């Protein structure tokens, strides 16, 4: 992972924690607006990291449900 991706991913992780704690999805876009004002490249990487982390979370939840369902039989 290069420096840009690492910075974006670290920020995405932190933002998603706050979003979950406060139940406020708008925070993601507020942070993106702040980032993009200085660096469109970082803004794009940040939004990609947010999408990837959310997709991973959904996939892990699905895997957990599948495993629980099949193990309970």
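Rule-based calculations on the coordinates, nothing more; no lab input. For clarity, every value in this text was computed on a predicted model and none was experimentally measured. Cβ coordinates were reconstructed from backbone atoms using ideal geometry, including for glycine residues, and neighbour counts include every protein chain displayed.
The calculated FRET efficiency for the pair residue 34 and residue 62, based on their C-beta separation and a Förster distance of 35 Å, comes to about 0.60.
Starting from 0.36 nm per residue, how many nanometres of slack lie between residue 72 and residue 10 once their C-alpha separation is accounted for? Let's see the in-between values first.
Numbers: separation 62, 0.36 × 62 = 22.32 nm, distance 3.67 nm.
Taking 0.36 nm per residue and subtracting the Cα distance, the gain is 18.7 nm.
In units of the rule-of-thumb radius 2.2 N^0.38 Å, region 3-71 shows an alpha carbon radius of gyration of 1.30.
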